[in-house]
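**Q** What follows is a single structure, and I will ask about it in a moment.
Taken together, the values in this text are just the output of simple stated rules run on the coordinates, not laboratory data. Here the structure is a predicted model, which means the values were calculated and not measured. Cβ: placed from backbone, ideal geometry, glycine included. Neighbour counts: every protein chain shown.
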Amino acid sequence: MTKRYRSNSGLVAWLNQTTRAVLALDARGRVRFFNNGAELLTGCHPEDLLGKACEYRTAPSGSLSERVLTAFSPPPEVFAGQERFATSHFIDNRGQTRNVHLLFLPFRNEEEEVATVLAIALNQPESVRHLPASESQILHAELSKLLNAQLKELSHESIVNQSAVMQRVVKQIEVARQSQAPVLLTGKPGTGKTMIARSITRLPKSERIPLGIIDCEKLQRIDQKRLLEDFLGFARETETPSNIYFRHADRLPRDLQELVCKTYLTPEWPDRCRLITSSCTPLEPLVADETLLDRFYYLTSAISIHVPSLDERREDFDLLCQAFLENNNRDRTPQFSGFEKQVRKAFREYSWPGNVQELRMTIEEACQKCQESIIKMEHLPFRFLSGQLADEILPVELETVQPLEETLEKLERQEIEKALRIAKNNKAKAAELLGMTRAKFYRRLEALGIESP
């Protein structure tokens with residue numbers, strides 16, 4: 001008599017009776033089975049997940065279904081036929097952080113292609129710790145743990161803050177959120193000042209307060225003034241809080257600085273409208289040489305946050321690379337898992353003059369060229385390779401660099417003497433040509449020892 005095997009429906013019923021979480025994914029990473037144990041663990045109903053693709057990234061601020069889909073996503077190596085063990089972190093439907101240990105088992109079809117992946121939650125993960133874990137897999141777990149803990153404790157969008165200097169920035173963001181005081185953001189180009197400004201404006205439950213951006217470097221004076229008037233008009237008409245953000249505030253014309261100072265102290269500037277400014281250069285010297293009004297500086301710097309460069313936050317570097325890589329896994333097959341060793345080495349040795357912004361753009365461009373799960377040297381963009389070459393040449397060029405103060409003084413002397421010649425020694429006209437106040441012009445003449453009849 002032929003032995004009868006359990007039918008598919010019987011197997012499904014049996015798997016649903018266990019309290020152990022079990023998932024089945026198809027070759028494209030879409031959820032095809034989500035048992036009762038998985039529902040008990042996550043608080044997510046199967047109907048919210050079935051047919052949706054798991055993505056190898058971290059989404060602590062997403063919906064419950066998105067958090068579960070990313071937490072239970074297999075490392076991309078699983079779809080290449082490799083068994084993997086992974087630890088994941090996510091926030092469940094009760095707002096509690098969950099750590100789940102998952103064993104991923106790929107099953108091949110007759111064509112030797114992975115057709116199904118089974119994910120099983122383990123109570124005793126020690127039994128499979130012999131399975132290999134790549135550097136990327138370890139970073140993925142660390143990133144997931146960090147961002148989920150950050151969202152639960154600090155209630156704001158994901159900021160990689162493994163380093164002490166970025167932990168201070170996160171605390172300063174929380175202080176800024178608790179008041180309407182003006183905020184000044186300083187830091188080198190590309191450090192993420194605009195991202196920090198947006199983070200300050202985030203409300204609980206991931207809601208954002210409108211942020212009106214005025215770029216003082218790119219916009220003409222007339223456009224800056226028009227935008228300021230438009231944003232203030234919007235702020236007066238709405239009952240909701242708002243923000244006005246001056247990027248490159250060191251480039252804001254003096255008359256508009258004066259306008260901001262005067263308007264801020266009147267009903268024309270609503271109390272619920274916060275003022276945020278940023279600068280890539282230190283502002284104190286600009287106050288000293290009267291390029292920046294001292295009233296404007298003291299008004300805008302009630303809360304001052306320095307956004308560090310990549311060199312100042314090296315402990316965050318590997319996690320930042322992993323985070324930027326995983327951000328490109330949305331709606332993509334195959335999923336990215338990490339970087340080959342040569343790429344990691346090249347990244348760590350490069351100077352990154354464009355800071356976090358340059359790192360993000362480099363990884364995004366590499367992802368566009370890559371059709372595999374691992375980013376290799378051949379996928380890196382030309383701009384990065386050019387930057388590497390510049391790093392190698394730079395030490396030779398440094399031997400001929402002159403002291404900056406000496407060079408600037410020489411250039412300033414040349415321009416002042418040229419202005420005096422054009423103005424026929426009319427000091428008032430020369431000061432006007434140079435865009436300086438008369439008092440400042442006289443001080444520079446005296447400091448440089450320039451004599452003029």
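**Q** Output the antiparallel fraction of DSSP beta bridges having both residues in the chain, as a percent to the nearest 5.
**A** In the chain, approximately 55 percent of DSSP beta bridges are antiparallel ones.
**Q** Also, quick follow-up: With a sphere of radius 15 Å drawn around the Cβ of D223, what net charge do the other residues whose Cβ falls strictly inside it have (Lys, Arg +1; Asp, Glu -1)?
**A** Local net charge: +1.
**Q** So, one more: Choose one of A419, L389, L359: the residue whose Cα lies farthest towards the positive end of the charge dipole of the stretch 327-452 (beta-carbon charges +1 Lys, Arg; -1 Asp, Glu; about the Cα centre).
**A** Final value for the positive-end residue is A419.
**Q** To the nearest 20 debye, what is the magnitude of the charge dipole of the stretch 252-302 about its Cα centre, counting +1 on the Cβ of each Lys and Arg and -1 on the Cβ of each Asp and Glu?
**A** Dipole size: approximately 240 debye.
**Q** When only Cα pairs under 8 Å and 6 or more residues apart are kept, what is the percent relative contact order across the chain?
**A** Dividing the mean separation by the residue count of the chain yields 12 percent.
**Q** Still on this structure: Answer rounded, prolate or oblate for the stretch 299-401, using the Cα gyration tensor with square roots of eigenvalues a ≥ b ≥ c: rounded when a/c is under 1.5, else prolate when a/b is larger than b/c, else oblate.
**A** oblate
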